[in-house]
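Written out below as structure tokens is the structure these notes cover.
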Amino acid sequence: PHEWIDPSGKVSLVEYAIPTAWCGKKLAELNEAGSFWLTAVTRFGAAEVVGVDIVGQEGDTLHIVANINALDALRERLDQGPEH
């Protein structure tokens with residue numbers, strides 16, 4: 001993924017292509033308060049800040065703000081899908 005890390009090294013903005021398991025699912029289920037939060041989605045080449053009702057579509061790029069120490073948990077959540 002593409003990553004930006006703030007100067008203090010505590011917060012990262014990461015970019016992921018949506019995993020198939022999240023297509024057709026409410027993306028708010030990705031969020032874990034205090035650890036990581038989906039903030040924007042790029043769809044059909046246009047980025048937008050998201051609300052809680054957005055549903056993932058094939059081809060989406062997810063932009064997630066994360067605590068640097070929660071990146072492994074975020075990757076695990078993305079890989080496992082919303083049913084876990």
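The values are calculated or read from the model by the stated rules, or taken from the named source; none is laboratory data. Predicted model only: the values in this text are computed from it and were never measured. Every residue, glycine as well, gets a Cβ built from its backbone with ideal geometry; the counts of neighbours run over all protein chains shown. These accessible areas exclude ligands, DNA and RNA; they are computed on the full protein's heavy atoms, side chains included. Shrake-Rupley method; radii C 1.70, N 1.55, O 1.52, S 1.80 Å.
For the stretch 25-50, name all the residues that are open to solvent by 60 Å² or more (accessible area, probe 1.4 Å) and either over 20 Å from Ile5 (Cβ atoms) or in a strand (DSSP E or B) (or both). First the steps, then the outcome.
Narrowing the stretch 25-50 to residues open to solvent by 60 Å² or more (accessible area, probe 1.4 Å): 25-26, 29, 32-34, 37, 44-45, 47-49.
Correct list: Lys25, Lys26, Glu29, Glu32, Ala33, Trp37, Phe44, Gly45, Ala47, Glu48, Val49.
Mind listing just one residue for me: the one in the stretch 1-24 that is outside any strand (DSSP E or B) and aliphatic (A, V, I, L, M) and, of those, modelled with the highest pLDDT?
Restricting attention to the stretch 1-24, the residues satisfying the condition of being outside any strand (DSSP E or B) are 1, 6-10, 18-22, 24.
If we keep only those that are aliphatic (A, V, I, L, M) too, we end up with 18, 21.
Values: Ile18: 98, Ala21: 95.
Here the answer is Ile18.
What residue, among those in the stretch 21-56 that are of a type in the set (D, E, K, R) and in contact with a helix residue (DSSP H, G or I) (Cβ under 9 Å, 6 or more places away or on another chain), is farthest from Val11 (Cα to Cα)?
Step by step, filter the stretch 21-56, then rank; the result is Asp53.
Taking the residues in the stretch 51-61 that are out of contact with any Asp or Glu (no Cβ under 7 Å at 6 or more places or on another chain) and more than 12 Å from Asn31 (Cα to Cα) as candidates, determine which candidate is surrounded by the fewest Cβ atoms within 10 Å (Cβ to Cβ).
Within the stretch 51-61, the first condition is being out of contact with any Asp or Glu (no Cβ under 7 Å at 6 or more places or on another chain), and the residues that meet it are 51-60.
Adding the requirement that they be more than 12 Å from Asn31 (Cα to Cα) leaves 53-60.
Working: Asp53: 8, Ile54: 17, Val55: 12, Gly56: 23, Gln57: 14, Glu58: 11, Gly59: 12, Asp60: 20.
Top of the filtered list is Asp53.
Hey, could you check the stretch 62-78 for residues that are touching a strand residue (DSSP E or B) at 6+ places or on another chain (Cβ under 6 Å), outside any helix (DSSP H, G or I) and open to solvent by 10 Å² or more (accessible area, probe 1.4 Å) and say which is farthest from Ala17 (Cα to Cα)?
The selected residue is Val65.
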